[in-house]
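Shown next, in structure tokens, is the structure this report addresses.
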Amino acid sequence: MKCLNHAEKDAIAVCSICGRGMCANCEIKLVGRYYCQKCADELVKEGAVIALKRLYDILEEKRKHHRIYTLIPVEIYPTGTEGMFLKGIIHNLSSGGVAVLCDKEISLNEMVILNFNLP
């Protein structure tokens, strides 16, 4: 069997998922098994998605208020700065507050006015 990327080289390992051969330069070993680059990338992506979902589940359990996840455009007006506003997105809503994403850090106790339309 030849390497899937280098036809002139003999394969020294076989991908645990797709079964294609790999030379020493192409093999990727993860937790004692060999993978080609494409299959390793898919495993890492899938693992990252699972890890993020678990993190959200853990955070959700620790919150006092049920949250509704959304993507609502919002204008953010810091108090004391007339005419200036930031654009952002409301990430989630709850009876305890809102989570807003924007490109400027807003201090924890900074007063702001939010202008948005609920769908």
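The values are calculated or read from the model by the stated rules, or taken from the named source; none is laboratory data. Note that the structure is a prediction, hence the values are computed from the model and not measured. Cβ coordinates were reconstructed from backbone atoms using ideal geometry, including for glycine residues, and neighbour counts include every protein chain displayed. Just so you know, the surface numbers come from the protein's heavy atoms only, side chains and all, with ligands and any DNA or RNA stripped out. Shrake-Rupley method; radii C 1.70, N 1.55, O 1.52, S 1.80 Å.
Data table
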read-out: The chain pair-distance distribution - Cα-Cα, 10 Å bins, rounded %; value: 12, 25, 18, 13, 16, 13, 3, 0
read-out: Relative contact order [Cα under 8 Å, 6+ residues apart], region 10-119, whole percent; value: 17 percent
read-out: Percent carbon-and-sulfur accessible area, the chain, ignoring ligands, DNA and RNA, probe 1.4 Å; value: 57 percent
read-out: Extended-chain gain in nm, criterion 0.36 nm per residue less alpha-carbon gap, Ile106 and Ile50; value: 17.2 nm
read-out: Cut-off of 10 Å, at most 11 other beta carbons, DSSP loop: longest stretch of the chain lacking such GluC sites (Glu not before Pro); value: 9-81
read-out: Using alpha-carbon coordinates, inclination of helix 37-62 to the longest axis of the chain, degrees; value: 30 degrees
read-out: Residue-averaged 222 nm ellipticity for the chain, from DSSP H runs of 4+ at -39500 (n - 2.57), nearest 500; value: -8000 deg cm²/dmol
